[in-house]
Amino acid sequence: AGDNPYRAVLALSDRLIVTGDSVSMISEAVSTSAPVEVIDLNIARYRQFIDALIKTGRVRRFTGDPASWLATAPINATPAVALTVRALLQRQTGVSG
């Protein structure tokens, strides 16, 4: 019952350390400007997702190093997802717009 402080915690965090067993949790973390470190649990089905974020420099594996990262830009995939959905709907329905 009551308000969930989760969004506020994300927004106010200077650094986020998340486990690598949830694409949702990682995605929510990278939607902030805080540096994100992932505790890699070596789960094969998440490997490609985590590796892609590491490659872009938005995420790195948690090493326990206390050095802070500089703030980073949040990832907002909404426009790209909307374009993909629109294209799929146009292909299926033949309706454009």
Worksheet item: Filtering the stretch 7-37 down to residues that are in contact (Cβ under 8 Å) with a residue 24 or more places away in the chain and among the charged types (D, E, K, R), which residue is surrounded by the most Cβ atoms within 10 Å (Cβ to Cβ)?
Response: GLU37
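Considering only the stretch 43-63, I want to know if a residue exists there that is aliphatic (A, V, I, L, M), free of Cβ contacts under 8 Å to residues at least 24 places away in the same chain, touching a Phe, Trp or Tyr at 6+ places or on another chain (Cβ under 9 Å) and not in a loop (DSSP other than H, G, I, E, B). Give the steps one after another, and end with the answer.
To start, the set of residues in the stretch 43-63 that are aliphatic (A, V, I, L, M) comprises 43-44, 50, 52-54, 59.
Then keep just the ones that are free of Cβ contacts under 8 Å to residues at least 24 places away in the same chain; that gives 43-44, 52, 54.
Those still in the list that are touching a Phe, Trp or Tyr at 6+ places or on another chain (Cβ under 9 Å) too: none.
Taking every residue of the stretch 43-63 in turn, none turns out to be aliphatic (A, V, I, L, M), free of Cβ contacts under 8 Å to residues at least 24 places away in the same chain, touching a Phe, Trp or Tyr at 6+ places or on another chain (Cβ under 9 Å) and not in a loop (DSSP other than H, G, I, E, B).
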Worksheet entry | Residues of the stretch 79-95 that turn out to be more than 28 Å from the chain's Cα centre (by Cα), in a helix (DSSP H, G or I) and β-branched (Val, Ile, Thr), as a count | 1
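Return a yes/no flag: does the stretch 54-77 have any residue that is more than 22 Å from LEU12 (Cα to Cα), open to solvent by less than 70 Å² (accessible area, probe 1.4 Å) and out of contact with any strand residue (DSSP E or B) (no Cβ under 7 Å at 6 or more places or on another chain). Give the steps one after another, and end with the answer.
Within the stretch 54-77, the subset more than 22 Å from LEU12 (Cα to Cα) is 54-56, 63.
Next cut, open to solvent by less than 70 Å² (accessible area, probe 1.4 Å) only: 54.
With the extra rule that they be out of contact with any strand residue (DSSP E or B) (no Cβ under 7 Å at 6 or more places or on another chain), the set shrinks to none.
No; the residues of the stretch 54-77 include none that is more than 22 Å from LEU12 (Cα to Cα), open to solvent by less than 70 Å² (accessible area, probe 1.4 Å) and out of contact with any strand residue (DSSP E or B) (no Cβ under 7 Å at 6 or more places or on another chain).
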Discussion item. I'd like to verify a number: residues in the stretch 8-41 that are over 13 Å from LEU53 (Cα atoms), aliphatic (A, V, I, L, M) and assigned to a strand (DSSP E or B), how many?
Written reply: 4
Fill in: Where ASP40 falls short, out of the listed (1) within 25 Å of PRO79 (Cα to Cα); (2) open to solvent by less than 70 Å² (accessible area, probe 1.4 Å)
(1)
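Does the stretch 66-78 include one or more residues that are assigned to a loop (DSSP other than H, G, I, E, B) and at pLDDT 90 or above? Full working, then the answer.
Residues of the stretch 66-78 that are assigned to a loop (DSSP other than H, G, I, E, B), as a first pass: 66-77.
Among the residues that remain, those that are also at pLDDT 90 or above are: none.
Within the stretch 66-78, not a single residue is assigned to a loop (DSSP other than H, G, I, E, B) and at pLDDT 90 or above.
The values are calculated or read from the model by the stated rules, or taken from the named source; none is laboratory data. Just so you know, these numbers come straight off a predicted model, no measurement behind them. Please note: Cβ atoms are built from the backbone with ideal geometry, for glycine as well, and neighbour counts cover all protein chains shown. Accessible surface is based on the protein model in full, side chains and every heavy atom, while ligands, DNA and RNA are left aside. Shrake-Rupley method; radii C 1.70, N 1.55, O 1.52, S 1.80 Å.
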